[in-house]
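Undergrad: For reference, the structure I am asking about is given below.
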């Protein structure tokens with residue numbers, strides 16, 4: 001079996017390690033979770049479409065990565081929108097509770113980029129649709 005780092009996609013068409021990544025335990029995949037989450041920066045990339053299903057298998061470990069991605073200093077707000085609509089929908093409520101304050105911050109104190117990309121609207125709609 002390849003080292004876990006070798007399984008991370010090398011380009012937007014690289015599906016070579018996806019099947020093996022799906023078989024990894026939390027402990028095995030943990031070092032590469034942030035790199036896998038980054039593949040969701042553009043959901044038009046073919047390999048990006050595999051990430052929500054793969055990442056949602058490791059929810060507890062993924063929460064800190066998501067929280068980091070949703071911070072104000074993260075300027076890629078289209079990525080935040082993809083996280084909200086393509087990944088958070090797959091998370092169990094117990095993990096969403098841990099992310100809720102990040103979404104509330106985006107609604108209450110959005111950055112200029114979050115306003116431009118309407119991330120504040122996405123966060124509000126997501127929370128409303130989930131009964132918060």
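The values are calculated or read from the model by the stated rules, or taken from the named source; none is laboratory data. Values in this document were obtained by computation on a predicted structure and should not be read as measured data. No Cβ is skipped: glycine too gets one built from the backbone with ideal geometry, and neighbour counts run over all protein chains shown.
Undergrad: Can you confirm whether the range 11-21 contains a residue that is more than 22 Å from residue 130 (Cα to Cα), assigned to a helix (DSSP H, G or I) and in contact (Cβ under 8 Å) with a residue 24 or more places away in the chain?
TA: Yes: one or more hits.
Undergrad: Based on what the data block shows, is residue 4 touching a residue at least 12 places away in the same chain (Cβ under 8 Å), over 12 Å from the mean Cα position of the chain (by Cα) and closer than 21 Å to residue 84 by Cβ?
TA: Criteria not met by residue 4.
Undergrad: Moving to a separate point now. Can you run down the residue pairs with Cβ atoms below 7 Å, 6 or more apart or on separate chains, where the first is in the range 88-115 and surrounded by 14 or more Cβ atoms within 10 Å (Cβ to Cβ) and the partner is at pLDDT below 95 and in a loop (DSSP other than H, G, I, E, B)?
TA: Between residues of the range 88-115 that are surrounded by 14 or more Cβ atoms within 10 Å (Cβ to Cβ) and residues that are at pLDDT below 95 and in a loop (DSSP other than H, G, I, E, B), the close pairs are 96/130; 100/132; 113/75.
Undergrad: If residue 85 passes every condition in (1) part of a helix (DSSP H, G or I); (2) surrounded by fewer than 19 Cβ atoms within 10 Å (Cβ to Cβ); (3) without any contact (Cβ under 8 Å) to a residue 40 or more places away in the chain but one, which one does it miss?
TA: Status for residue 85: all satisfied but (3).
Undergrad: Does the range 63-75 include one or more residues that are over 11 Å from the mean Cα position of the chain (by Cα) and part of a helix (DSSP H, G or I)?
TA: Scanning the range 63-75, I find no residue that is over 11 Å from the mean Cα position of the chain (by Cα) and part of a helix (DSSP H, G or I), so the answer is no.
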